[in-house]
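Peer 1: My structure is below; once you've seen it, I'll send some questions.
The values are calculated or read from the model by the stated rules, or taken from the named source; none is laboratory data. The model shown is predicted, which means the values in this text are computed figures rather than measured ones. Cβ placement follows ideal geometry from the backbone for every residue including glycine, while neighbour counts extend to all protein chains displayed. What goes into the accessible areas is simple: the full protein's heavy atoms, side chains included, and nothing from ligands, DNA or RNA. Shrake-Rupley method; radii C 1.70, N 1.55, O 1.52, S 1.80 Å.
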Amino acid sequence: QVQLVESGGGLVQPGGSLRLSCAASGRIFSIYTMGWYRQAPGTQRELVADITSGGGTLNYADSVKGRFTISRDNAKNTVFLQMNSLRPEGTAVYSCNADVLTVGIVRRCYWGQGTQVTVSS
């Protein structure tokens, strides 16, 4: 079993910043790509950003480029999302995803439970 636990969401004013964290734990052998997704009410879940295991490849949604930064700490199996210059349209549930190879040599993707980010004055 593998668990992903997010933290760092909350209420922030437009233009403000938040830093999300997602820690993976359990029977982990290695983690490949880790990413952040978001889903606002009435919309499809969308990729915000992801990062490969070595950090060599980062992808961002066009809507967040230049404002959000994804990073990871492989020693702690943790991925971060620094969100600056937040906008009201960024209000959503943010969830992390990890492509994991377990100790039992089974590879699959896991999801966290999600953390609410609300951008409002």
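Peer 1: Can you tell me which residue within region 33-57, out of those that are outside any loop (DSSP other than H, G, I, E, B) and open to solvent by 70 Å² or more (accessible area, probe 1.4 Å), is nearest to Ala92 (Cα to Cα)? Can you show your working first?
Peer 2: Quick first cut of region 33-57, residues outside any loop (DSSP other than H, G, I, E, B) only: 33-39, 46-51.
When the remaining residues are screened for being open to solvent by 70 Å² or more (accessible area, probe 1.4 Å), the result is 39, 46.
Working: Gln39: 5, Glu46: 10 Å.
Applying the filter and picking the extreme gives Gln39.
Peer 1: Here's another thing I want to ask about it. Residues in region 36-54: is at least one closer than 15 Å to Trp111 by Cβ, of a type in the set (A, V, I, L, M, F, W, C) and without any contact (Cβ under 8 Å) to a residue 24 or more places away in the chain?
Peer 2: Yes, region 36-54 contains a residue that is closer than 15 Å to Trp111 by Cβ, of a type in the set (A, V, I, L, M, F, W, C) and without any contact (Cβ under 8 Å) to a residue 24 or more places away in the chain.
Peer 1: In addition: May I ask you to list the residues in region 59-75 that are more than 22 Å from Val5 (Cβ to Cβ), open to solvent by 70 Å² or more (accessible area, probe 1.4 Å) and within 14 Å of the chain's Cα centre (by Cα)? Give the derivation first.
Peer 2: At the first step, the residues of region 59-75 found to be more than 22 Å from Val5 (Cβ to Cβ) are 59-67.
Then drop every residue that is not open to solvent by 70 Å² or more (accessible area, probe 1.4 Å), which leaves 59, 62, 65-66.
The answer is Asn59, and nothing else.
Peer 1: Do any residues in region 1-21 that are of a type in the set (Asp, Glu) have Cβ atoms under 6 Å from those of residues that are surrounded by 18 or more Cβ atoms within 10 Å (Cβ to Cβ), where the two are at least six apart or on different chains, and which pairs are they?
Peer 2: Pairs found: Glu6/Cys22; Glu6/Cys96; Glu6/Gly112; Glu6/Thr115.
Peer 1: If Ser85 meets every condition in (1) open to solvent by less than 70 Å² (accessible area, probe 1.4 Å); (2) under 15 Å from the mean Cα position of the chain (by Cα); (3) not aromatic (Phe, Trp, Tyr) apart from one, which number is that one?
Peer 2: If we test Ser85 against (1) open to solvent by less than 70 Å² (accessible area, probe 1.4 Å); (2) under 15 Å from the mean Cα position of the chain (by Cα); (3) not aromatic (Phe, Trp, Tyr), just (2) comes out false.
Peer 1: Here is a check on your reading of the model: is Tyr94 in contact (Cβ under 8 Å) with a residue 24 or more places away in the chain, crowded, with 21+ Cβ neighbours inside 10 Å, within 21 Å of Gln3 (Cβ to Cβ) and not hydrophobic (A, V, I, L, M, F, W, C)?
Peer 2: Working: in contact (Cβ under 8 Å) with a residue 24 or more places away in the chain: yes; crowded, with 21+ Cβ neighbours inside 10 Å: yes; within 21 Å of Gln3 (Cβ to Cβ): yes; not hydrophobic (A, V, I, L, M, F, W, C): yes.
Considered against the rule, which asks whether it is in contact (Cβ under 8 Å) with a residue 24 or more places away in the chain, crowded, with 21+ Cβ neighbours inside 10 Å, within 21 Å of Gln3 (Cβ to Cβ) and not hydrophobic (A, V, I, L, M, F, W, C), Tyr94 comes out as yes.
Peer 1: When only residues in region 103-121 that are open to solvent by 60 Å² or more (accessible area, probe 1.4 Å) and β-branched (Val, Ile, Thr) count, which is nearest to Arg27 (Cα to Cα)?
Peer 2: Val103
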